[in-house]
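Bear in mind these aren't lab numbers, they're just calculated from the coordinates by the rules spelled out. Since the structure is predicted, the reported quantities are computational estimates derived from the model, not experimental observations. Ideal geometry is used to build each Cβ from the backbone, glycine not excepted, and the neighbour counts take in all protein chains shown.
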Amino acid sequence: MRAFVAIPLPDDFSDWLQQNRASFASIAPTLRLVPAASCHITLRFLGELQDEQVGDATGRLAGSLSTVPGTRVALDRFGVFHRDGHPTVLWVGASVVPQALTDLAMTTDVCLSGLGNNSRTERFALHVTLGRFVSGTRDDEVAALEAAGPEPYVVPVTDVVLYESKMGHGRPVYTARAVVRLAPFAE
């Protein structure tokens, strides 16, 4: 199975996304939003994970993360990923990434070492993919979206989920295979 580990977003994230839809459409009509149910904060992409490794991955996550305290993060800035000089993805991220979240990503990475077939070594970059640009998106549209700045959305980080990703009707469908609860917030 194709797998990744991520922080799920609360159900009301769909309300936040809906509030932004009108401004996205007026600024960049070529932006195709992803469904709110597909939004998450990826901690580690595993690639292909054998079904018999799911228990091992879950055990490793539970053993490593059960004493890690939860935290919060404010999603308060838009950004754009480019490929070959063209905008491809609109994302929302944090202008300040809490150290606790960086530590969570590192612990997740270390505890899952050797599982899956992901050989990528990129560092954790906190973002939530909001949409994909179609060909022909103008630079001024992209700049206007980045400058717009969202109403901050605070994500309580209380769980980490091992997701399975399957293609369905032209887009990936994510299914939670395991949920690991973090320790209570250190207020």
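Below are the figures for this structure:
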| quantity | calculated |
| --- | --- |
| Among (1) in a loop (DSSP other than H, G, I, E, B); (2) exposed (fewer than 13 other Cβ atoms within 10 Å of the Cβ) - the single one Gly63 does not satisfy | (1) |
| Breaking point among (1) crowded, with 18+ Cβ neighbours inside 10 Å; (2) in contact with a Ser or Thr (Cβ under 8 Å, 6 or more places away or on another chain), for Val173 | (1) |
| Leading residue by the ranking (surrounded by the most Cβ atoms within 10 Å (Cβ to Cβ)) among those in the stretch 105-122 that are out of contact with any Leu (no Cβ under 9 Å at 6 or more places or on another chain) and not hydrophobic (A, V, I, L, M, F, W, C) | Ser113 |
| Yes/no for Asp109 being within 24 Å of Val179 (Cα to Cα) and either in contact with a His (Cβ under 8 Å, 6 or more places away or on another chain) or of a type in the set (D, E, K, R) (or both) | yes |
| Complete set of residues in the stretch 142-170 that are of a type in the set (Asp, Glu), out of contact with any Ser or Thr (no Cβ under 7 Å at 6 or more places or on another chain) and surrounded by 13 or more Cβ atoms within 10 Å (Cβ to Cβ) | Glu146, Asp159 |
| Test for Leu9: is it surrounded by 17 or more Cβ atoms within 10 Å (Cβ to Cβ), more than 24 Å from Ala144 (Cα to Cα) and under 17 Å from the mean Cα position of the chain (by Cα) | yes |
| Selection count where residues are β-branched (Val, Ile, Thr) and free of Cβ contacts under 8 Å to residues at least 60 places away in the same chain, scope the stretch 3-41 | 0 |
| Subset of the stretch 71-104 that is assigned to a strand (DSSP E or B), charged (D, E, K, R) and touching a residue at least 40 places away in the same chain (Cβ under 8 Å) - its residue that is surrounded by the fewest Cβ atoms within 10 Å (Cβ to Cβ) | Arg72 |
| Residue ID - farthest from Val97 (Cα to Cα), chosen from residues in the stretch 120-129 that are in contact with a helix residue (DSSP H, G or I) (Cβ under 9 Å, 6 or more places away or on another chain) and either in contact (Cβ under 8 Å) with a residue 12 or more places away in the chain or not in a loop (DSSP other than H, G, I, E, B) (or both) | Thr129 |
| Yes/no for Gly47 being among the small types (Gly, Ala, Ser) and assigned to a helix (DSSP H, G or I) | no |
| Enumeration of residues in the stretch 137-187 that are of a type in the set (Ser, Thr, Tyr) and closer than 25 Å to Phe81 by Cα | Thr137, Tyr153, Tyr163, Ser165, Tyr174 |
| Only listed residue being crowded, with 19+ Cβ neighbours inside 10 Å, of a type outside the set (D, E, K, R) and on the phi < 0 side of the Ramachandran plot, chosen from Ala28, Ala22 | Ala28 |
| Condition broken by Ala144, with the remaining ones in (1) under 14 Å from the mean Cα position of the chain (by Cα); (2) within 21 Å of Arg21 (Cβ to Cβ); (3) among the aliphatic types (A, V, I, L, M) satisfied | (1) |
| Inter-residue pairs, beta-carbon under 8 Å, first in contact (Cβ under 8 Å) with a residue 60 or more places away in the chain and in the stretch 130-159, second of a type in the set (Asp, Glu) and surrounded by 13 or more Cβ atoms within 10 Å (Cβ to Cβ), 6+ apart | Gly149/Asp76; Pro150/Asp76; Pro152/Asp76; Tyr153/Asp76 |
